[in-house]
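J.: I have a structure here, written as structure tokens, and I will follow up with some questions on it.
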Amino acid sequence: MCRSIKTLRPPYADEVTEADVHAAALQYVRNISGFRAPARANAEAFNEAVEQIAAITAELLGRLELRPAPQRTTVAD
């Protein structure tokens, strides 16, 4: 898939901005459509897809339930 799309959830990302989500959606749409920048005839569909994917991505990130990382214990000598 898209190697330049980074994981947008903890512990991989501390603060995820709307710009991060939009950039990931844009990269995804570019990858699956094969267009870096669409022709004028395809621009509306391309941009709408980016916005829809960004919205559903934000919803997904907001609904994920993450388990806390296990606490490391040190062994006393």
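J.: When the range 44-77 is examined, which residues are found to be in contact (Cβ under 8 Å) with a residue 40 or more places away in the chain and out of contact with any helix residue (DSSP H, G or I) (no Cβ under 7 Å at 6 or more places or on another chain)?
T.: Those that are in contact (Cβ under 8 Å) with a residue 40 or more places away in the chain and out of contact with any helix residue (DSSP H, G or I) (no Cβ under 7 Å at 6 or more places or on another chain): L61, L64, L66, A69.
J.: Moving to a separate point now. Residue under question is R30, and the condition is that it be surrounded by fewer than 11 Cβ atoms within 10 Å (Cβ to Cβ) and farther than 27 Å from L66 by Cα; does it hold?
T.: no
J.: Kindly establish whether A45 is surrounded by 10 or more Cβ atoms within 10 Å (Cβ to Cβ), over 10 Å from the mean Cα position of the chain (by Cα), modelled with pLDDT of 90 or more and outside any loop (DSSP other than H, G, I, E, B).
T.: In short, yes.
J.: Please list, ordered by first then second residue, the pairs with beta carbon atoms under 9 Å, 6 or more apart or interchain, first in the range 25-43 and under 21 Å from E59 (Cβ atoms), second part of a helix (DSSP H, G or I) and aromatic (F, W, Y).
T.: These pairs meet every condition: V29/F46.
J.: Regarding the range 4-26, can at least one residue be identified that is touching a Phe, Trp or Tyr at 6+ places or on another chain (Cβ under 7 Å) and modelled with pLDDT of 90 or more?
T.: no
The values are calculated or read from the model by the stated rules, or taken from the named source; none is laboratory data. Keep in mind the model is a prediction, meaning the values are calculated, not measured. Quick reminder, even Gly has a Cβ in these numbers, built from the backbone with ideal geometry, and neighbours come from all protein chains shown.
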